[in-house]
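Single-structure report; data block below.
The values are calculated or read from the model by the stated rules, or taken from the named source; none is laboratory data. Predicted model only: the values in this text are computed from it and were never measured. All Cβ positions, glycine included, derive from the backbone under ideal geometry; neighbour counts span all protein chains shown. For the accessible areas, the whole protein counts, side chains as well, though only heavy atoms, and no ligand, DNA or RNA atoms are used. Shrake-Rupley method; radii C 1.70, N 1.55, O 1.52, S 1.80 Å.
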Amino acid sequence: LGKGWLGMGETGAALKEFSEADSLRPNNINILLELGKLQSRMGMLESADETFSKIEKSKLQNGECLLDIAKYFIEAKKDKRALHYLEAARALSPFHLEILKLTGETYLKMKMFDKALEVFSSAVAVDSTLVWAHEGLVESADKTGSFSIKADSQKSLLSLKEASAEDWCDYGETLIRLGQYEVSQDAFEQAAKID
């Protein structure tokens, strides 16, 4: 009923139904999740925090539910709040790729480049073929001056996706920073072949 009222834009009636559902089935994670999102949407931030806190304190087996809360806050452009739930989700599910991806992206948005570097490194350790993880590593490694990590991920990306002349040039420039002039020349030659 709550979802039905919500679908019709009747937030007050939806809130009443979700609250009733919560009183009938206290600590049901799905009900708490819907109730917390609605409370937050309606500006009832204290109530929403209390509701989400109940989810955090429950005996979660993995970070999926906390990931759902984080996604809600990402959509609402509340990165700091999203990050709180992403970090809690990651603590429960440290190898969950979607959690790692959103955590790394959120760290990048918040200019927390050292933490982003660590998260994207964890993702690559889980699966070295993840394009998004290598792209995150390239960006965060560039911002932290970790040019050997940046070069390694750039090299991986060259084989994981269709590389452009610009990709080869960027790789060559990173190699120059590392003093690897001969290898950088090869990269620039590859760029010239494509261009």
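Here are the numbers:
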item	result
Some residue of segment 51-64 being crowded, with 21+ Cβ neighbours inside 10 Å and either within 25 Å of Leu130 (Cα to Cα) or under 13 Å from the mean Cα position of the chain (by Cα) (or both)	yes
Pairs, first under 15 Å from Leu60 (Cβ atoms) and open to solvent by less than 20 Å² (accessible area, probe 1.4 Å) in segment 30-42, second aliphatic (A, V, I, L, M) and not in a loop (DSSP other than H, G, I, E, B), C-beta under 9 Å, six or more apart	Leu32/Ile55; Leu33/Ile55; Leu33/Ile69; Gly36/Ala48; Gly36/Ile55; Gly36/Ile69
Failed criterion for Glu162 (all others in (1) loosely packed, with under 14 Cβ neighbours inside 10 Å; (2) free of Cβ contacts under 8 Å to residues at least 12 places away in the same chain; (3) assigned to a helix (DSSP H, G or I) hold)	(3)
Filtered residues of segment 19-29 (kept if within 19 Å of Gly4 (Cβ to Cβ) and either open to solvent by 90 Å² or more (accessible area, probe 1.4 Å) or assigned to a helix (DSSP H, G or I) (or both))	Ser19, Glu20, Ala21, Asp22, Ser23, Leu24, Arg25
Hits in segment 10-26 - residues which are over 31 Å from the mean Cα position of the chain (by Cα) and within 16 Å of Arg41 (Cβ to Cβ)	Glu10, Gly12, Ala13, Lys16, Glu17
